[in-house]
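Colleague: My questions will all concern the structure given below.
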Amino acid sequence: MKASELFFPTLREVPAEAEVVSHQLLLRAGFIRKASGGVYSYLPLAQRVLKKIMQIVREEMDRAGGQELMLPIIQPRELWEKTGRWDVYGDEMFRLQDRHKRYFALGPTHEEIITTLVNADVHSYRGLPLMLYQIQNKYRDEIRPRFGLMRGREFIMKDAYSFDVDYQGLDMSYQKMFEAYHQIFQRMELKYRVVEADSGAIGGSSSHEYMVLADSGEAEVVYCEQCSYAANVEKAECSCQEAVPGQTDALPLEKKHTPGQKTVEDVAAFFQRPTSQVIKTLLCLADGQPVVALLRGDRELNVVKFQNLLGCLDLVMADEKAAYELFGAGFGSLGPIGLDIPIYGDLEIQAMSAANCGANQDDYHYINVCPGRDFQVRQWNDLRNAVAGDPCPHCQNPLQLVRGIEVGHIFKLGDKYSRDLDASFLDQNGQSQIMVMGCYGIGISRTMAAAVEQNRDEQGIIWPLPLAPYQVIVIPVNSKKEDQMDLARSIYEQLLAKGIEVILDDRDERAGVKFKDADLIGIPLRITVGPKALQENKVEVKKRWEKDINMMGMEEVLNLIGELWG
RNA sequence: CGGGGCGUAGCGCAGCUUGGUAGCGCGCCUGAUUUGGGAUCAGGAAGUCGCAGGUUCAAAUCCUGUCGCCCCGACCA
């Protein structure tokens, strides 16, 4: 492709609306343009990257026994009513009406439609198992679309659905997908991790998320370098060291005047102690009923764990007004001593012996607090988020913490949809059985953004080799110099003849402009044709991810390309 | 959904308080000189000031409404 003909409108300045790096770079490098909030056009360079992502996904899905199909994006309301999701999905779902005032959904996902499809045409165990997948636009009317392609309202998604005769079959399908996903992200050369995910409302069966590691990721993940353990911080178990009972002969409880000391940091500083010696008292409302959680001052409450423990439907932090009503004190002066509200303590609190906590009176705190002696709790539990350095629940090795972007999610659906939509078959004994399903998603457009988020520098994008829109860019330093252009053109044609994806930057621009653009759009290999190249009958080759430039002959260039993309 | 901010040329922004000829930088077009990391000079094109009402002799500017976009919040005492 000649750069003079390629549609890649690069921007020198960062558009004001772009917050995260991937969004900024994809806009600046001429990959995407916004059509509306959370809705983007994919320009030719982006389209090439997306095709490469999709191709890898397709090949691995096919290898794992999947069959690609296309499903409607416009889906009738009745299907969604059968599973109850017409209501459950709420405002997240785009809805529309036709001229007859019938309602439709723009598919946010395709369980309903595909289960109905399979139900209609598979009636025997002989037709199972079945693994079907689609790569299509999906729609979610996000409350707040943001981060460019990261959280859009229209996005490209690969979803695979498996149908099996029983749970054993589902396990096998799941395992195949689990492995296929590893293949996919390895082939994309992305740094990623699989984590155990919360299967949530769907039930106790397993679920894994594939996270592309990037500092800007929304999710925090802890992992163990020694064993294979990895989990979302919200899911990670905190296997607290066995509780050391509070010292019974400790110093007596004392109330201290602490004017103006509100936060954990204030109180810790006031008593010249670490925040880990402060007991943080959090007032929550569980289905409207007040409950208290105690955590070390340097820990965070894990709402999911707390909610699971309480078995309530709704758990929110109470506001300060409620604190005054129940404790007679405001935030910052709350404590567990003398309360008649149910108290749940984090395991770590149990091990403390001379802690500080609020006295339920503004501007007063206790010191030398001993859990068990000075107050009782209803239960000791793991209530906090995991942090770096916590022992691995499997092997005790200190856990590492990274941030990640969720690009893949697989889970076992079981019979939820097949039951609601009556997807059944006759088994060998002529008995009617419900199919057992799994579903397996990959955010295609999000993966492109995640790849940029992870692979970039100050100059622009550094595409992983398998995803790069083009492999090589040939830059004649001065397009007006015939000899340079001739050599550049001949190199370009040689590469084209070898089937290599190459751009010839034949634009009448200064060298600096071409270099800047090449770096910005992230083409892995740059071949510069200038006076030096002409003199030595060699070309200058620069790898996008390295600083240095190498002089080499065409033979060598072709070998290098062969090695890199072999 | 709550709070805040913004909408002026393709992009980034000023002008608005105090109403009176619509500006700057980058980009774009033409020409010349340049040509190894976003050139220089000269000339030029380009904006119904988001949209709709209102106030006024006069509105980018004041008022009302509306649409769009961005940020924050909806868990850390």
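Colleague: From the list A:Ser445, A:Ser432, A:Ser424, pick out the single residue that is crowded, with 23+ Cβ neighbours inside 10 Å and either of a type in the set (Ser, Thr, Tyr) or not assigned by TED's automatic domain parsing to the domain that holds A:Met131 (or both). Don't jump to the end; show me each part of the working.
Modeller: Details: A:Ser432 fails: crowded, with 23+ Cβ neighbours inside 10 Å; A:Ser424 fails: crowded, with 23+ Cβ neighbours inside 10 Å.
On inspection, the qualifying residue turns out to be A:Ser445.
Colleague: Which one is farthest from RNA strand B (Cβ to nearest atom), of the residues in the stretch A:464-484 that are in a helix (DSSP H, G or I) and within 21 Å of A:Lys543 (Cβ to Cβ)? Even if it seems obvious, please write down each step before you answer.
Modeller: Our first condition is that a residue be in a helix (DSSP H, G or I); within the stretch A:464-484, this holds for A:465-467, A:482-484.
Next cut, within 21 Å of A:Lys543 (Cβ to Cβ) only: A:465-467.
Values: A:Leu465: 19, A:Pro466: 23, A:Leu467: 21 Å.
The extreme case among them is A:Pro466.
Colleague: Right, next: Within the bounds of the stretch A:139-153, is there any residue that is more than 16 Å from RNA strand B (Cβ to nearest atom) and of a type in the set (D, E, K, R)? Walk me through it before giving the result.
Modeller: Residues of the stretch A:139-153 that are more than 16 Å from RNA strand B (Cβ to nearest atom), as a first pass: none.
No, because not a single residue in the stretch A:139-153 is more than 16 Å from RNA strand B (Cβ to nearest atom) and of a type in the set (D, E, K, R).
Colleague: Further question on the same structure: With the structure loaded, tell me whether A:Arg126 is away from RNA strand B (no atom under 16 Å from the Cβ), surrounded by fewer than 18 Cβ atoms within 10 Å (Cβ to Cβ) and either within 20 Å of A:Gly84 (Cα to Cα) or β-branched (Val, Ile, Thr) (or both) or whether it fails that test. So that I can check it myself, show each step before the final result.
Modeller: Details: away from RNA strand B (no atom under 16 Å from the Cβ): yes; surrounded by fewer than 18 Cβ atoms within 10 Å (Cβ to Cβ): yes; either within 20 Å of A:Gly84 (Cα to Cα) or β-branched (Val, Ile, Thr) (or both): no.
Answer is no for this residue.
Colleague: Any idea how many residues of the stretch A:515-550 are near RNA strand B (Cβ under 8 Å from one of its atoms) and in a loop (DSSP other than H, G, I, E, B)?
Modeller: Total satisfying the criteria: 1.
Colleague: Just to be sure I understand the filter: pairs with C-beta atoms under 8 Å, separated by 6 or more residues or on different chains, first member in the stretch A:298-316 and under 17 Å from A:Asn232 (Cα atoms), second member in a helix (DSSP H, G or I) and open to solvent by less than 50 Å² (accessible area, probe 1.4 Å). Which pairs pass?
Modeller: Every condition considered, the pairs that remain are A:Arg299/A:Glu348.
Colleague: Looking at the stretch A:413-424, is at least one residue more than 16 Å from RNA strand B (Cβ to nearest atom), part of a helix (DSSP H, G or I), touching a Phe, Trp or Tyr at 6+ places or on another chain (Cβ under 8 Å) and among the polar types (S, T, N, Q)?
Modeller: Scanning the stretch A:413-424, I find at least one residue that is more than 16 Å from RNA strand B (Cβ to nearest atom), part of a helix (DSSP H, G or I), touching a Phe, Trp or Tyr at 6+ places or on another chain (Cβ under 8 Å) and among the polar types (S, T, N, Q), so the answer is yes.
Colleague: Pull up the stretch A:57-68, narrow it to residues that are part of a helix (DSSP H, G or I) and either among the small types (Gly, Ala, Ser) or open to solvent by 50 Å² or more (accessible area, probe 1.4 Å) (or both), then point me to the one that is nearest to RNA strand B (Cβ to nearest atom).
Modeller: Kept after step one, since they are part of a helix (DSSP H, G or I), are these residues of the stretch A:57-68: A:57-63.
Subsequent filtering for residues that are either among the small types (Gly, Ala, Ser) or open to solvent by 50 Å² or more (accessible area, probe 1.4 Å) (or both) retains A:58-59, A:62-63.
Working: A:Arg58: 31, A:Glu59: 34, A:Asp62: 36, A:Arg63: 38 Å.
Filtering the stretch A:57-68 for residues that are part of a helix (DSSP H, G or I) and either among the small types (Gly, Ala, Ser) or open to solvent by 50 Å² or more (accessible area, probe 1.4 Å) (or both), the one nearest to RNA strand B (Cβ to nearest atom) comes out as A:Arg58.
Colleague: Here's something else I'd like to know. Can you pull out the residues in the stretch A:12-56 that are open to solvent by 60 Å² or more (accessible area, probe 1.4 Å) and in a loop (DSSP other than H, G, I, E, B)?
Modeller: A:Arg12, A:Glu13, A:Val14, A:Ala16, A:Glu17, A:Glu19
Colleague: Can you name the residue in the stretch A:1-48 that is among the polar types (S, T, N, Q) and near RNA strand B (Cβ under 8 Å from one of its atoms) and is also farthest from A:Asp519 (Cα to Cα) among such residues?
Modeller: Out of the qualifying residues, it is A:Ser36.
Colleague: For A:Asp548, which of the numbered conditions (1) touching a residue at least 12 places away in the same chain (Cβ under 8 Å); (2) open to solvent by 40 Å² or more (accessible area, probe 1.4 Å) fails to hold?
Modeller: (1) is the only condition that A:Asp548 fails.
Colleague: On the given criteria, is A:Gly566 over 20 Å from A:Lys481 (Cβ atoms), open to solvent by 20 Å² or more (accessible area, probe 1.4 Å) and modelled with pLDDT under 95?
Modeller: yes
Colleague: Moving on to the next point. Any residue at all in the stretch A:189-203 that's part of a strand (DSSP E or B), at pLDDT below 90 and farther than 17 Å from A:His409 by Cα?
Modeller: The answer is no; no qualifying residue exists.
Colleague: Follow-up question, since we're still on this one. Given the criteria within 13 Å of RNA strand B (Cβ to nearest atom), more than 24 Å from A:Tyr192 (Cα to Cα), open to solvent by less than 50 Å² (accessible area, probe 1.4 Å) and touching a helix residue (DSSP H, G or I) at 6+ places or on another chain (Cβ under 8 Å), does A:Gly512 qualify?
Modeller: Considered against the rule, which asks whether it is within 13 Å of RNA strand B (Cβ to nearest atom), more than 24 Å from A:Tyr192 (Cα to Cα), open to solvent by less than 50 Å² (accessible area, probe 1.4 Å) and touching a helix residue (DSSP H, G or I) at 6+ places or on another chain (Cβ under 8 Å), A:Gly512 comes out as no.
Colleague: Here's something else I'd like to know. Looking at A:Asp390, A:Asp420, A:Asp382, A:Asp362 in this structure, which one is without any contact (Cβ under 8 Å) to a residue 60 or more places away in the chain and either out of contact with any Pro (no Cβ under 6 Å at 6 or more places or on another chain) or not aliphatic (A, V, I, L, M) (or both)? First the steps, then the outcome.
Modeller: Values: A:Asp390 fails: without any contact (Cβ under 8 Å) to a residue 60 or more places away in the chain; A:Asp420 fails: without any contact (Cβ under 8 Å) to a residue 60 or more places away in the chain; A:Asp382 fails: without any contact (Cβ under 8 Å) to a residue 60 or more places away in the chain.
Residue meeting the stated conditions: A:Asp362.
Colleague: OK, next. So is A:Tyr133 modelled with pLDDT of 95 or more, crowded, with 20+ Cβ neighbours inside 10 Å and under 25 Å from the mean Cα position of the chain (by Cα) or not?
Modeller: Working: modelled with pLDDT of 95 or more: yes; crowded, with 20+ Cβ neighbours inside 10 Å: yes; under 25 Å from the mean Cα position of the chain (by Cα): yes.
Yes: the conditions hold for A:Tyr133.
Colleague: Let me ask something else about it. Of everything in the stretch A:485-509 that's without any contact (Cβ under 8 Å) to a residue 12 or more places away in the chain and under 22 Å from A:Gln47 (Cα atoms), which residue is nearest to RNA strand B (Cβ to nearest atom)?
Modeller: Our first condition is that a residue be without any contact (Cβ under 8 Å) to a residue 12 or more places away in the chain; within the stretch A:485-509, this holds for A:486, A:490, A:493, A:496-497, A:499.
Remaining after also requiring under 22 Å from A:Gln47 (Cα atoms): A:496, A:499.
Values: A:Leu496: 22, A:Gly499: 26 Å.
If we take residues in the stretch A:485-509 being without any contact (Cβ under 8 Å) to a residue 12 or more places away in the chain and under 22 Å from A:Gln47 (Cα atoms), then A:Leu496 is nearest to RNA strand B (Cβ to nearest atom).
Colleague: Next question, about the same structure. With the requirement that a residue be touching a residue at least 24 places away in the same chain (Cβ under 8 Å), within 21 Å of A:Gly152 (Cα to Cα) and open to solvent by 40 Å² or more (accessible area, probe 1.4 Å), what does the stretch A:69-103 give you?
Modeller: Within the stretch A:69-103, A:Pro72, A:Ile73, A:Ile74, A:Asp91, A:Glu92, A:Phe94 meet the criteria.
Colleague: Within the stretch A:320-398, which strands (runs of 3 or more DSSP E) (wholly inside it) include 1 or more residues that are open to solvent by 10 Å² or more (accessible area, probe 1.4 Å) and at positive phi?
Modeller: Of the strands (runs of 3 or more DSSP E) lying wholly inside the stretch A:320-398, those with at least 1 residues that are open to solvent by 10 Å² or more (accessible area, probe 1.4 Å) and at positive phi span A:364-369.
The values are calculated or read from the model by the stated rules, or taken from the named source; none is laboratory data. As the structure is a prediction and not an experimental result, all values here were calculated from the model. No Cβ is skipped: glycine too gets one built from the backbone with ideal geometry, and neighbour counts run over all protein chains shown. With ligands, DNA and RNA removed, areas are computed over all heavy atoms of the protein, side chains included. Shrake-Rupley method; radii C 1.70, N 1.55, O 1.52, S 1.80 Å.
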